[in-house]
Amino acid sequence: MIFETERLKLRTLDADDAQFYLQLVNEPSFIENIRDKGIRKIAEAEQAIQTGHREVQEKMGFSLYLAERKEDKAAIGLCGLVKRDDLPGIDIGYAYLPAYTGKGYAYEANAGLLKYARTELKLTELLAIVSPHNQASSNLLEKLGFQLQETIPWKEGGAVKLFKRLLD
């Protein structure tokens, strides 16, 4: 376990989470707002967890974490930190299964992540990127204290809104 909030535990992913991960990355909302990772099989999900999460955690000291409800241990989404080559700093990333959106979980998990980043990782600022059409995510970032900096070019001719928050 990495940290917990009132209703959630955030922990590293392992091979047992492959079914959840496969479901999440193939949700239409994930594909529309983040990207199509092209993961269609359990073995591909297991590989992505190993190389994209566990190895990153070992190398960087952070990664995306599984958000799990305390009450029933349901895997509801991912929330964590990412270091992208295309950005000048560390950014937050998150995605939740549609059944768990609109219930305050994303805010709760990300607020816990901000505290963890400041107190445990000693980070002084975080970035976030959002697809221009994803107003719900932009609203969440603003509620968390992020400020829109600019819209920047992104992969494959697209663009993203870049947000930043100082951790005080």
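Out of the residues in the stretch 88-123 meeting the condition of being among the charged types (D, E, K, R) and without any contact (Cβ under 8 Å) to a residue 12 or more places away in the chain, tell me which one is surrounded by the fewest Cβ atoms within 10 Å (Cβ to Cβ). Residue satisfying both the conditions and the ranking: 122. Summed over the stretch 124-160, residues that are touching a helix residue (DSSP H, G or I) at 6+ places or on another chain (Cβ under 8 Å), crowded, with 17+ Cβ neighbours inside 10 Å and farther than 21 Å from residue 102 by Cβ total 1. None of 37, 41 is of a type in the set (Lys, Arg) and either modelled with pLDDT under 95 or under 24 Å from residue 105 (Cα atoms) (or both) except 37.
Residues considered: 85, 36, 17, 72. Of these, the only one that is among the charged types (D, E, K, R) and buried (at least 20 other Cβ atoms within 10 Å of the Cβ) is 17.
Mind listing whichever residues of the stretch 33-49 are under 15 Å from the mean Cα position of the chain (by Cα), in a helix (DSSP H, G or I) and not small (Gly, Ala, Ser)? Matches in the stretch 33-49: 33, 49. Looking at the stretch 94-110 only, could you name the residues that are over 16 Å from residue 63 (Cα atoms) and either aliphatic (A, V, I, L, M) or touching a His at 6+ places or on another chain (Cβ under 9 Å) (or both)? Hits for the stretch 94-110 are 97, 99, 106.
The values are calculated or read from the model by the stated rules, or taken from the named source; none is laboratory data. Predicted model only: the values in this text are computed from it and were never measured. With ideal geometry, Cβ positions are generated from the backbone for all residues, glycine too; neighbour counts draw on all protein chains shown.
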